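The values are calculated or read from the model by the stated rules, or taken from the named source; none is laboratory data. Computed from a predicted structure; not experimentally measured. Cβ atoms come from the backbone with ideal geometry, glycine included; neighbour counts cover every protein chain shown.
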């Protein structure tokens, strides 16, 4: 009997080039952009429901998050004009190009909503900007998940079905969590609802992703990405219990909210690191291809 051959690539070299995105800047950009978009949607819904404190905190949070997100993106690009060059065309089939246009439109609208809220200047225009940012928020949240899934990186591309849901749930839990941190427990009902919904969604999406990917889930479950994913799940589950049971406690609500924000950040870094790990190891590129050819 001849032993089954083990998989090897040409001289053990990676088949695809590992992304050159910076490890600190890009995951931060993914996290902050999602936090901003979800915060804008929270602000719009809270304002319609009459929760003024939540709406104000969410508007300011959205402006701060999207500003830092753009800074992280431009820092990764190296020169600001590279971002402007992406606006020379409009290409609906390119998630990166659509993302650049989304940020260009969303940023000023979110900024106008926050500035009007804080200064009380042009309140009607500020209200219009609030609802405009709220409508654009979901697109800002999920386009980054679509963007990385549209690459050739095995762990990202294979998760194209779950990635937008995972990004949406993670962003919603972070925005709701930040709302709990910045608002009194008695006035934070919209933030609490969003935190619970987002935390539940991210836990379900993670399980679905890991179960469906099979062998390709390995980068998400081992090494640094696995540790980040497990830590984020523990924080999310614990915070979910705290949000539900600690409704009347300012301290419990704030601690649970901070845990959700941290969990969302860890999720983004875990996803990013898993993608890099899958790009380095050629088996994650070749083995799935061979199985598809074999009809498995």
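Couple of notes before you dig in:
- Screening 125, 172, 188 for residues that are more than 17 Å from residue 102 (Cβ to Cβ) and at pLDDT 95 or above leaves exactly one candidate, 172.
- For the stretch 27-47, the criterion of being surrounded by fewer than 16 Cβ atoms within 10 Å (Cβ to Cβ) and either modelled with pLDDT under 90 or closer than 20 Å to residue 150 by Cβ (or both) is met by no residue.
- Residue among 273, 289 that is under 30 Å from residue 21 (Cα atoms) and without any contact (Cβ under 8 Å) to a residue 24 or more places away in the chain: 289
- Taken together, the residues in the stretch 71-102 that are at positive phi and at pLDDT 85 or above amount to 0.
- Number of the condition not met by residue 214 [criteria: (1) closer than 20 Å to residue 228 by Cα; (2) in contact with a helix residue (DSSP H, G or I) (Cβ under 8 Å, 6 or more places away or on another chain)]: (2)
- Residue within the stretch 151-161 that is farther than 30 Å from residue 254 by Cα, out of contact with any strand residue (DSSP E or B) (no Cβ under 8 Å at 6 or more places or on another chain), surrounded by fewer than 20 Cβ atoms within 10 Å (Cβ to Cβ) and modelled with pLDDT under 90 present: yes
- The listed residue being touching a helix residue (DSSP H, G or I) at 6+ places or on another chain (Cβ under 6 Å), in contact (Cβ under 8 Å) with a residue 12 or more places away in the chain and either under 13 Å from residue 268 (Cα atoms) or in a helix (DSSP H, G or I) (or both), out of 175, 237, 159, 186: 175
- Given (1) part of a helix (DSSP H, G or I); (2) within 17 Å of the chain's Cα centre (by Cα); (3) crowded, with 24+ Cβ neighbours inside 10 Å, number of the condition residue 168 does not satisfy: (3)
- In the stretch 202-225, the residues that are over 23 Å from residue 191 (Cβ atoms), within 18 Å of the chain's Cα centre (by Cα) and free of Cβ contacts under 8 Å to residues at least 40 places away in the same chain: 207, 210
- Residue that is surrounded by the fewest Cβ atoms within 10 Å (Cβ to Cβ) [pool: residues in the stretch 70-98 that are outside any helix (DSSP H, G or I) and in contact with a helix residue (DSSP H, G or I) (Cβ under 7 Å, 6 or more places away or on another chain)]: 92
- Comparison of 113, 125, 133 shows that the only residue that is touching a helix residue (DSSP H, G or I) at 6+ places or on another chain (Cβ under 9 Å), farther than 30 Å from residue 207 by Cα, part of a helix (DSSP H, G or I) and free of Cβ contacts under 8 Å to residues at least 24 places away in the same chain is 125.
- Qualifying residue in the stretch 257-268 (condition: farther than 29 Å from residue 22 by Cβ, in a helix (DSSP H, G or I) and touching a helix residue (DSSP H, G or I) at 6+ places or on another chain (Cβ under 6 Å)): no
- Annotation: of all residues in the stretch 222-234 being in contact with a helix residue (DSSP H, G or I) (Cβ under 6 Å, 6 or more places away or on another chain) and surrounded by fewer than 18 Cβ atoms within 10 Å (Cβ to Cβ), the one that is nearest to residue 61 (Cα to Cα) is 231.
- The set of residues from the stretch 136-156 being over 27 Å from residue 199 (Cβ atoms) and in a helix (DSSP H, G or I) comprises just one member, 154.
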